[in-house]
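K.L.:
Sharing a structure here in structure tokens format.
The values are calculated or read from the model by the stated rules, or taken from the named source; none is laboratory data. As the structure is a prediction and not an experimental result, all values here were calculated from the model. Cβ sites come from the backbone with ideal geometry, for glycine too, and all protein chains shown count toward neighbours.
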Amino acid sequence: MTIKKYGSDREQFINDLMKLMVPVKGGTIELRDYINMNKWLSSDYSLSDPGSIKKVITWTETIGPFHVMKYPVTQHLYHFVMHNEVEPYVYNNLPITDVSWIDSLAFCNELSRILGRTECYTITNESENTTYNKEANGFRLLSDAE
């Protein structure tokens, strides 16, 4: 996907972006998490008791069908979406690296805005207060179950 060729051709950009997506069928999956029931004695773990007493939590999650990109987001696509330009030193097909979780959410929101979709995230200065709108039709990160 060479972004230079698009200029202001939004429809061509959308069509080519959707060609990078593959459909995933929905389904049901059982997830589990293990919780260590022992209390930690220090924050640096030098006096910790890792033990083997663990509580297992299981739950079932149903996932609707969705589309996912075939490849990781490239440096080229990331810089085009976030800065509306591609920097000369950026290589087309290398995956973007060194971005934070918040940067990833901002990328999803900006790509959603560009393509006229509803943003999935409300981002705040504190990541704990960032919220996900499951009714939105924009781009988002995959969930654990997906």
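K.L.:
So Glu61 clears everything in (1) modelled with pLDDT of 80 or more; (2) among the acidic types (Asp, Glu); (3) loosely packed, with under 11 Cβ neighbours inside 10 Å except one condition, right? Which one?
P.N.:
For Glu61, the failing item is (3).
K.L.:
Starting from the range 97-118, keep only residues that are among the charged types (D, E, K, R), then list their pairs with residues that are surrounded by fewer than 14 Cβ atoms within 10 Å (Cβ to Cβ) whose Cβ atoms are within a distance under 7 Å, requiring at least 6 positions of separation or different chains.
P.N.:
Listed by first residue and then by second, the contacts come to Arg117/Asn137.
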